[in-house]
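The values are calculated or read from the model by the stated rules, or taken from the named source; none is laboratory data. In this text, all values refer to a predicted model and were calculated from it rather than measured experimentally. Here Cβ is always computed from backbone atoms with ideal geometry, including for glycine, and neighbour counts include all displayed protein chains. Surface accessibility is based on the protein's heavy atoms, side chains included, excluding ligands, DNA and RNA. Shrake-Rupley method; radii C 1.70, N 1.55, O 1.52, S 1.80 Å.
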Amino acid sequence: LRSYLRDESSRLRLLRRFYEKVQALHQDPEASVDNPLLAFSLIKRLHSDWPNIIYSDEATRNTQALHAGLREVEQELPGAEDLDGAARALMRLQDVYALSVKGLASGVFQRAGQPPLYSPGRRASLSADDCFHVGKVAYDTGDYYHSIAWLEEAVSLFRLSYSSWNLEDRSSLEDALDHLAFSYFMAGNISHALSLSREFLRYADPRNQRVSRNVAKYKKLLEMGTGASARPLQRPNSTRLQSPPLCPPHTLLGPLPPQPAPEQLLQLSCSYETNGSPLLLLQPAKKEMVWVQPHVALYHDFITDAEAETIKGLAGPWLQRSVVASGEKQQKAEYRISKSAWLKDTADPVVRALDRRMAALTGLDLRPPYAEYLQVVNYGLGGHYEPHFDHATSTKSPLYRMKSGNRIATIMIYLSAVEAGGSTAFIYANFSVPVVKNAALFWWNLRRNGNGDGDTLHAGCPVLAGDKWVANKWIHEHGQEFRRPCSADPED
């Protein structure tokens, strides 16, 4: 674009010079085409100069170069799926963190009447066209709760700049009014739908037959007493993470709401752990007990910055949209938005060393097939994972194809920090753990009797600001029989 602007600026300078030359020829009101030189100049200009200007080879070359430049990078550019996914991410952040749409449009991450949850160094606001697209994504899926909020903001911004045109806009006040009116109609607010449709006819296209028919329809419904009182809009059940206490926006460690019971508090402590392993004697693991039931521990400084960067670099080229188990298959799902890659221990000495460290920390056997390869996951804009269990809840799950039993334990390593959001929320236990760079979160998925621990239902809260990277290691129950034996209590 910079190259195109430079070349076009040069062409326009030449065009202005030609215009000034033409203007100079007409400045003398006494000038007459009786002058054969003036007559020749006029005839030549009208015959060949103007067509050369209008059908300029240079203008064509500049445009072709711009198109060629786009074609070169087109495969790397975001597609329609990416754009719609980004719009859905904004709506997810709006829901989970109870953010004001008007605030988001002006670049402020704020709940109504409260201080901002996150203050970026550089505020980025949304245009009317941006808000329209978010609302249109909701509109196209019949989600009128979100479409009304975003289209209202689009209409408000379009009204401020009515009759001015922006090169990059693909929508207009008319488009926003049209979609907003129908959204209100579908939500049951017919009187407002009528008002917006009349505004459309007044300012946009008085001859639009479809909108005119809608106006007549809305008037008739109101005369019949239908839709006189609008019912309150209901948020669709699009996410189970709409409880702000479980998804705190900040990443600072501190008291987690709600506080553990007094008897649990006595068992929450910090300690240096060697687990009887020679590997940890010189550099013990820094263990923080986060919760007792389920057993969740956070190991600080588990990896170094250099190791984290190496793992991210190894996984980067192989990242693909994450899938989830669905019956006996695996597929993409809206409740898990992330990209992931799998790394074998042979991929790099850093991965091999990390496997040895995790084995020393847990005392479990991580050799294949007793543990899965290291899964590296990247959560970008609004990236999240709705509540789920790591262990299989059905024997038909693809997890059993490894023939090494269910997932007995999880180690999740935070490879990056985030500015806000991204906490790991344990739903039934009602607590969350913020992202702590280079730390490893460990919990048991199965009880000692082999049954799944229902208290481990957990979720990855949406990333409000930043780029969240984690590495997961899932350990299976076969091979651990003598490392984590059953207890005498069958209920344990």
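Would it be correct to say that residue 101 is in contact with a strand residue (DSSP E or B) (Cβ under 9 Å, 6 or more places away or on another chain) and open to solvent by less than 20 Å² (accessible area, probe 1.4 Å)?
no
Only helices (runs of 4 or more DSSP H) wholly contained in the stretch 78-196 count here; list those with 1 or more residues that are closer than 26 Å to residue 459 by Cα.
Fully inside the stretch 78-196 and qualifying: 80-96, 101-105, 128-140, 144-160.
Can you confirm whether the stretch 387-397 contains a residue that is outside any loop (DSSP other than H, G, I, E, B), modelled with pLDDT under 90 and within 23 Å of the chain's Cα centre (by Cα)?
Checked against the condition, which is being outside any loop (DSSP other than H, G, I, E, B), modelled with pLDDT under 90 and within 23 Å of the chain's Cα centre (by Cα), the stretch 387-397 yields at least one hit.
Taking the conditions exactly as written (at pLDDT below 90, over 14 Å from residue 144 (Cβ atoms) and surrounded by 12 or more Cβ atoms within 10 Å (Cβ to Cβ)), does residue 236 satisfy them or not?
In short, no.
Taking the condition farther than 30 Å from residue 110 by Cα, of a type outside the set (Gly, Ala, Ser) and in a strand (DSSP E or B), does residue 449 pass?
For residue 449, the condition - farther than 30 Å from residue 110 by Cα, of a type outside the set (Gly, Ala, Ser) and in a strand (DSSP E or B) - is not met.
Please enumerate the residues belonging to the stretch 398-423 that are touching a strand residue (DSSP E or B) at 6+ places or on another chain (Cβ under 9 Å) and either part of a loop (DSSP other than H, G, I, E, B) or of a type in the set (Gly, Ala, Ser) (or both).
Listed by number, the residues that qualify are 404, 405, 406, 409, 415, 416, 417, 420, 421, 422, 423.
For the stretch 53-68, which positions are of a type in the set (S, T, N, Q), part of a helix (DSSP H, G or I) and surrounded by 11 or more Cβ atoms within 10 Å (Cβ to Cβ)?
Result: 62, 63.
Can you tell me which residues in the stretch 99-134 are polar (S, T, N, Q) and within 19 Å of residue 88 (Cα to Cα)?
100, 106, 110, 125, 127, listed by residue number.
Has the stretch 252-267 got at least one residue that is touching a helix residue (DSSP H, G or I) at 6+ places or on another chain (Cβ under 6 Å) and modelled with pLDDT under 95?
yes
Among the residues of the stretch 460-467, are any in contact with a strand residue (DSSP E or B) (Cβ under 6 Å, 6 or more places away or on another chain), of a type in the set (Val, Ile, Thr) and open to solvent by 10 Å² or more (accessible area, probe 1.4 Å)?
The answer is no, given that none of the residues of the stretch 460-467 is in contact with a strand residue (DSSP E or B) (Cβ under 6 Å, 6 or more places away or on another chain), of a type in the set (Val, Ile, Thr) and open to solvent by 10 Å² or more (accessible area, probe 1.4 Å).
Would you confirm, using the coordinates I've provided, whether residue 395 is more than 19 Å from residue 458 (Cβ to Cβ) and of a type in the set (Val, Ile, Thr)?
It is true that residue 395 is more than 19 Å from residue 458 (Cβ to Cβ) and of a type in the set (Val, Ile, Thr).
Collect the residues in the stretch 424-435 that are surrounded by fewer than 24 Cβ atoms within 10 Å (Cβ to Cβ), touching a residue at least 40 places away in the same chain (Cβ under 8 Å) and not in a strand (DSSP E or B), keeping them in residue-number order.
Scanning the stretch 424-435 gives 427, 429, 430, 434.
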